[in-house]
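Visitor: The following block contains the structure, expressed as structure tokens.
The values are calculated or read from the model by the stated rules, or taken from the named source; none is laboratory data. Just so we're clear, the structure is a prediction, and the values are computed from it rather than from any experiment. Counting neighbours? That spans all protein chains shown, and the Cβs are built from the backbone with ideal geometry, glycine included.
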Amino acid sequence: MKISIIVAAYNVEKYIEKCLKSITSQTFKELEIIVVNDGSIDSTQEIINNIALTDKRIVIINKPNGGLSSARNAGLDKATGDYIGFIDGDDYITEDLYENLLGEILNNKCQIAMCAVLKVYYDYSEHDGLVVDSTVLNRREAIKALIEEKYIKHYAVNKLYQAQLFKNVRYPEGRLYEDIFTTYKLFAGANKIAYSNKIGYYYTQRQGSILRSKFNIRKLDCLQAFREFKVYVDATFPELSGQLLWRLNLSLINSLLDMLKSESLYRNCEFNEMGSILTKEIRKNSLFYLKSANIPMIYRILAVFTFGGYPFMRTLFKTPFIKSKILKRSTELL
């Protein structure tokens, strides 16, 4: 029985050694470690090559830069293991992660197992999600938990999958939020999914990562991902559609908020056309934002502001008051 671990690495010279050492020191030894160097232009490739000299389980794929989905797909095409795991090149794992996840799969006769995640920032760390007891879920329960995103997240990286689940599934190349496009498809192929509340994956929060940078239109891939997810849920578990619509609407207004933040903080950053489209869509659903439970107050306020149109909102967000009050946490974009 073998596990193929696919490591996507792009310009991670500061992190890749720690990442790979956390894999090579796993208590489960039957590993195929596929490291995909996705066109790095720093010393990432050199570091990978040096570590590979000390561990014959490491298989290196060097390819032109194509993005995270492209790197993962290249690894999937090469993998020969009975099970598949993913790690991003700037993250790391506990030494018993794969022994534990494989045990969850075998003991509970599951097709997917996952662990809890710790987000690691420069000077602190935090548990990513609601802390709940370990549990085993059927497909419907797992999809419901994925929609709610309280403790089960779309991440590819904190999970172990039966390899056969990827027979007809690949990550969407050229897209952001590739996990949202893909994870529900893998859940759809599983009968049971195990969740362990033991922290096994350390998710590094880098300042320069694309999802933590200023807004760009590619970030709207999130909306398309949720829309495709909703098509599956509407057809398979229609009773859960309302919950996913809540998540889609939240993503919609969050995208608008990110646009406005970026326009306020950066010069030559304008989203007039797309901002107007999002504003109109939110305005049509304004009652949702005003009446739904658990909607953050800033989203309720933003929904009201949409009636003034996007140019009005953009001007408002550039005022000193808004910058100091509503945007006070946006320094992470700088």
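Visitor: Hey, among S251, S196, S264, S241, which residue is surrounded by 14 or more Cβ atoms within 10 Å (Cβ to Cβ), under 30 Å from F86 (Cα atoms), small (G, A, S) and touching a Lys or Arg at 6+ places or on another chain (Cβ under 8 Å)?
Guide: Being surrounded by 14 or more Cβ atoms within 10 Å (Cβ to Cβ), under 30 Å from F86 (Cα atoms), small (G, A, S) and touching a Lys or Arg at 6+ places or on another chain (Cβ under 8 Å) holds for just one of S251, S196, S264, S241, which is S241.
Visitor: Quick one: in region 270-311, which of the residues that are of a type in the set (D, E, K, R) and at pLDDT below 90 is farthest from S255 (Cα to Cα)?
Guide: Out of the qualifying residues, it is K291.
Visitor: When only residues in region 227-244 that are without any contact (Cβ under 8 Å) to a residue 40 or more places away in the chain and within 19 Å of the chain's Cα centre (by Cα) count, which is farthest from Y177 (Cα to Cα)?
Guide: Filtering first and then ranking leaves K230.
Visitor: Report, by residue number, each residue of region 46-78 that is within 23 Å of T182 (Cβ to Cβ) and out of contact with any helix residue (DSSP H, G or I) (no Cβ under 7 Å at 6 or more places or on another chain).
Guide: Answer for region 46-78, where residues must be within 23 Å of T182 (Cβ to Cβ) and out of contact with any helix residue (DSSP H, G or I) (no Cβ under 7 Å at 6 or more places or on another chain): P64, N65, G66, G67, S70, A71, R72, N73, A74, G75, D77, K78.
Visitor: What residue, among those in region 34-51 that are hydrophobic (A, V, I, L, M, F, W, C) and over 20 Å from L76 (Cβ atoms), is surrounded by the fewest Cβ atoms within 10 Å (Cβ to Cβ)?
Guide: I41
Visitor: Among the residues of region 131-144, which ones are buried (at least 19 other Cβ atoms within 10 Å of the Cβ) and either modelled with pLDDT under 95 or not in a helix (DSSP H, G or I) (or both)?
Guide: L137
Visitor: Same structure, new question: Take E126 and tell me if it is modelled with pLDDT under 95 and either at positive phi or outside any helix (DSSP H, G or I) (or both).
Guide: Yes: the conditions hold for E126.
Visitor: Got a sec? Which of I51, I147, I61 is at pLDDT 95 or above, in contact with a Phe, Trp or Tyr (Cβ under 9 Å, 6 or more places away or on another chain) and not basic (K, R)?
Guide: I147
Visitor: With the condition being over 22 Å from G103 (Cα atoms), touching a Gly at 6+ places or on another chain (Cβ under 9 Å) and of a type in the set (D, E), I'd like the strands (runs of 3 or more DSSP E) fully within region 1-75 carrying at least 1 qualifying residues.
Guide: Per the criteria, 31-38.
Visitor: Still on this structure, please answer the following. Right, K185: without any contact (Cβ under 8 Å) to a residue 60 or more places away in the chain, assigned to a helix (DSSP H, G or I) and surrounded by fewer than 21 Cβ atoms within 10 Å (Cβ to Cβ) or not?
Guide: Against the criterion (without any contact (Cβ under 8 Å) to a residue 60 or more places away in the chain, assigned to a helix (DSSP H, G or I) and surrounded by fewer than 21 Cβ atoms within 10 Å (Cβ to Cβ)), K185 qualifies.
Visitor: Within the group L256, L240, L252, L220, which residue is among the aliphatic types (A, V, I, L, M), at pLDDT 95 or above and part of a helix (DSSP H, G or I)?
Guide: L240
Visitor: Given the condition surrounded by fewer than 18 Cβ atoms within 10 Å (Cβ to Cβ), within 18 Å of the chain's Cα centre (by Cα) and among the small types (G, A, S), answer yes or no: does some residue in region 154-171 qualify?
Guide: No: zero hits.
Visitor: Still on this structure, I have one more. Name every residue in region 257-300 that is of a type in the set (A, V, I, L, M) and either more than 22 Å from L245 (Cβ to Cβ) or touching a residue at least 12 places away in the same chain (Cβ under 8 Å) (or both), in order of residue number.
Guide: L257, M259, L260, L265, M274, L278, I282, L290, I295, I298
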